Amino acid sequence: MLESLFRVTPPTALIVDETPRVFAVMQFLARRGIKVPEQVSLVATDNDASFAWGHPPFAHIRWDSAPIVRRIVRWVAAVRGGRADRKQISFPAQFIPGGSIGPAPGGSREMARG
C-alpha cells in the first residue's frame with residue numbers, strides 16, 4: 001500500500017494507527033531515503049512508551065483506553081442480550097507534538113522567500 005501511495009504524488013504527512021505499523025512505515029521510508037520530518041511528517045495514534053526513546057520524541061495521540069474497553073464490554077453485553085446498541089461516544093484525547101512533524105510544504109516561510 002505504501003508503494004502505491006508514494007508512487008505518483010507522495011504525501012507530506014501520515015497518521016499511522018498501531019505502534020508496529022508506525023515502525024513499519026519508518027522502515028519503508030528509511031529504505032527509500034525519505035526523511036522524517038524533513039519530507040514526511042508522522043503522527044502515531046497510540047501512546048507507546050517507545051516513542052519517548054527517540055530524540056526528539058515521536059508525535060502521537062495520548063488517550064485512555066479504559067473508557068473504550070468499558071464501552072466495548074457494554075456493547076457486547078447488549079448484543080448478547082439481543083439489544084441493538086448503536087450509541088456513539090466521544091473519548092478525550094490529547095495531541096502530543098514531537099520531532100516527527102516538520103513544516104508544511106508551501107508554508108508561510110517558503111511563501112515569504114518566494
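Restricting attention to the stretch 36-77, and to residues there that are among the β-branched types (Val, Ile, Thr) and out of contact with any His (no Cβ under 8 Å at 6 or more places or on another chain), which single residue is modelled with the lowest pLDDT? Can you show your working first?
Looking only at the stretch 36-77, we keep the residues that are among the β-branched types (Val, Ile, Thr), and these are 36, 40, 43, 45, 61, 68-69, 72-73, 76.
Retained after the next criterion (residues that are out of contact with any His (no Cβ under 8 Å at 6 or more places or on another chain)): 36, 40, 61, 68-69, 72-73, 76.
Working: Val36: 93, Val40: 94, Ile61: 94, Ile68: 89, Val69: 92, Ile72: 93, Val73: 95, Val76: 96.
Top of the filtered list is Ile68.
Within the stretch 4-61, which residues are among the small types (Gly, Ala, Ser) and touching a Phe, Trp or Tyr at 6+ places or on another chain (Cβ under 7 Å)? Step through it out loud before you land on a result.
Initially, the stretch 4-61 is screened for residues among the small types (Gly, Ala, Ser), giving 4, 13, 24, 30, 33, 41, 44, 49-50, 52, 54, 59.
Across the stretch 4-61, the qualifying residue is only Ala44.
Which number in (1) within 30 Å of Val40 (Cβ to Cβ); (2) over 14 Å from the mean Cα position of the chain (by Cα) marks the one condition that Ala93 misses?
(2)
The values are calculated or read from the model by the stated rules, or taken from the named source; none is laboratory data. Keep in mind that what you see is a predicted model, and the values were worked out from it rather than measured. When we count neighbours, we look across all protein chains shown, and the Cβ atoms used for this are built from the backbone with ideal geometry, even at glycine.
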